[in-house]
1. Keeping to the range B:213-231, report how many residues are in a helix (DSSP H, G or I) and within 19 Å of B:GLY79 (Cα to Cα).
2. Inspect the range B:180-201 for any residue being surrounded by 20 or more Cβ atoms within 10 Å (Cβ to Cβ), modelled with pLDDT of 90 or more and within 14 Å of chain A (Cβ to nearest Cβ) and give the result as yes or no.
3. Looking for whichever is surrounded by fewer than 18 Cβ atoms within 10 Å (Cβ to Cβ), over 18 Å from the mean Cα position of the chain (by Cα) and among the β-branched types (Val, Ile, Thr) here; the options are B:VAL64, B:VAL70. Which one fits?
4. Hey, among the residues in the range A:85-112 that are closer than 24 Å to A:ALA148 by Cβ and of a type in the set (D, E, K, R), which one's farthest from the other protein chains (Cβ to nearest Cβ)?
5. Go through the range A:171-209 and report how many residues are assigned to a helix (DSSP H, G or I), under 22 Å from A:GLU229 (Cβ atoms) and out of contact with any Pro (no Cβ under 8 Å at 6 or more places or on another chain).
6. Can we say B:LEU167 is surrounded by fewer than 16 Cβ atoms within 10 Å (Cβ to Cβ) and out of contact with any Phe, Trp or Tyr (no Cβ under 9 Å at 6 or more places or on another chain)?
7. So A:TYR117 passes all but one of these: (1) under 26 Å from B:VAL108 (Cα atoms); (2) of a type outside the set (A, V, I, L, M, F, W, C); (3) surrounded by fewer than 21 Cβ atoms within 10 Å (Cβ to Cβ). Which condition number does it fail?
8. Mind checking which residues of the range A:152-164 are in a loop (DSSP other than H, G, I, E, B) and touching a strand residue (DSSP E or B) at 6+ places or on another chain (Cβ under 7 Å)?
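The values are calculated or read from the model by the stated rules, or taken from the named source; none is laboratory data. Keep in mind the model is a prediction, meaning the values are calculated, not measured. Glycine gets a Cβ as well: all are built from the backbone with ideal geometry, and neighbour counts include every protein chain shown.
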Amino acid sequence: MMPAGTRSGRLPHAGTVIAAENLTKTYGDVAAVDGISFSVSAGESFGLLGPNGAGKSTTMKMIGGVTGRTSGKLSIMGLDPDSHGPEVRAHLGVVPQQDNLDEELRVRDNLLIYGRYFGLPMSYLGPKADELLEFAQLTDKAKSKVDALSGGMKRRLTIARSLINEPRILLLDEPTTGLDPQARHILWDRLFRLKEQGVTLILTTHYMDEAEQLCDRLIVVDKGRIMAEGSPARLIRDHSTREVVELRFGSERNTTIAAQLDGIGERLEVLPDRVLIYAHDGEGALEQVASRGLRPLTSLVRRSSLEDVFLRLTGRSLVD
Amino acid sequence: MTDVQAPRSGGLGAHSPEVAAAKARRWGAFYYAEQVLRVMKNYAWSMLMYSVGQPVAYLFAMGVGLATLVDSQDAAAFGGVSYLTFIAPALLVSAAVMTAANEFTFPVMAGFKWRRTYFGPHASPLTPSQIAAGHIMAVTLRLLLQSAIYFAAVAMFGATPHGGAWLGILAATLAGLSFGLPLMAYSASITEDKGQFALVMRLIVMPLFLFSGTFFPLDTLPLALRWIGWISPIWHGTELGRVAGYGYGEPPLLTMVHVAVLAGLAIVGWILTRRRFEKRMGQ
């Protein structure tokens, strides 16, 4: 028998932990994931950025070895998840989009029982659970019921649970969706520490700031296809200008006034609630607007973000 | 509180992913059974009360109250044994079937939908069929324990004259599974709760309980109703319990039919359940 790694067709180069080639998943006639290819190196933070329904979660489920693919190739640590599901899953830590903690068990017991699924002995799990509770800042909640935790605490417990088997690859599906800003920052800090430890992070998000904070490299996904790939800075450089001027003239007038802005900056984007001028020099563009006698209700000059990249690539906003 | 480093790596030693996967492939169902039992432990007290309280209540009502009236009539109607002895195996089996009806409905819905507890282990090396099997193993253990306690309570009332009466514990557990596993397959197929489980309890479990030769021999029913007993795990289980409990005389072939029907339903239920779990979790 050939080693599992060679079966994936092209031999992933050393250090590649995940390789996908023409990965496709269809439900009936609908292609949730439509022939995407990418690879992830050990220790890398890799993001899938896209709106809801882009196929991010489906891709994560295929990588996580819980959903079979319709066609294409996929290997995780050189293993095909369709034929080596348990082996693939043993390598991973998974933070699903929706928490699925055992609400009826206590916080610490959630970690212990999850570790049992990996066949880990109690002599290892006891100290490990305490270490992870400390890491997730939940030590004083060890004996609480999960029911009693806040949303952010549940999320941190889910992350702690995903680390019980000391995975080298962590899959995070929308890790901070639904959390308040403070809870998000605590979570990002914890994830950043894992990254520093060399854990490979694969995360989906529809928050551009999250992608910018955590990802070394990302793919922008829309309707099951990859629209662009690169580091956040690189994507912004390639698909947007350095700065953006946001102007609000009132929802009725944005479209009519946009015509009078012609020629300012490099590109114009008219949204229902505002007009965006893409320019290398934002302040300069704003002065030109004023010199044409136009008086926006509010104006703002900011740096380009991944949101602008997405808008450029798809003509739509990330968060509807 | 001092700040801590991210968890260290490499402390796993012998517990590499390869070892974890190999162990999970072999013992996964047991690992999940352990989880279900840990959750059940939270309800241990109410389970114990149910296991002891229900037989005692029934035995007082039926075995002591109703029995004085029934036993003053024709003893031959119940195969020459006291009414209490006659209904004891039926109560044991019915209780197991009702427990199974609970354990294989709401918790399954909770696993797939309400709490999504099946999806946590599914992201670990466990497989859907191991998760289903673990759930079943834990419930089987509960059925055995509950039936043993129930049996002990019944025995204290002197309703188990025969030495092999304890085999009724196994008959009850088997009946519970033969009713519960097909029901589990059904539960796993439900995506929206529209009160189906309440209907199952009222329109299936209750009629089976009443018309399965529980309180009177099945052949006293008109033929038009007797079929309910023939398809009922409660009847097949009860008849087995009676053979074990007081040496109820029936042809050995019929006894084998009871076992075959119960085992057959349980096996078909398991196959359907496994298929459902694999399909639903693999989506």
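1. Counting residues in the range B:213-231 that are in a helix (DSSP H, G or I) and within 19 Å of B:GLY79 (Cα to Cα) gives 5.
2. No - not one qualifying residue is present in the range B:180-201.
3. B:VAL64
4. The selected residue is A:ARG108.
5. Adding up the residues that qualify gives 3.
6. no
7. In the conditions (1) under 26 Å from B:VAL108 (Cα atoms); (2) of a type outside the set (A, V, I, L, M, F, W, C); (3) surrounded by fewer than 21 Cβ atoms within 10 Å (Cβ to Cβ), A:TYR117 misses (3) alone.
8. Selection gives A:LEU163 alone.
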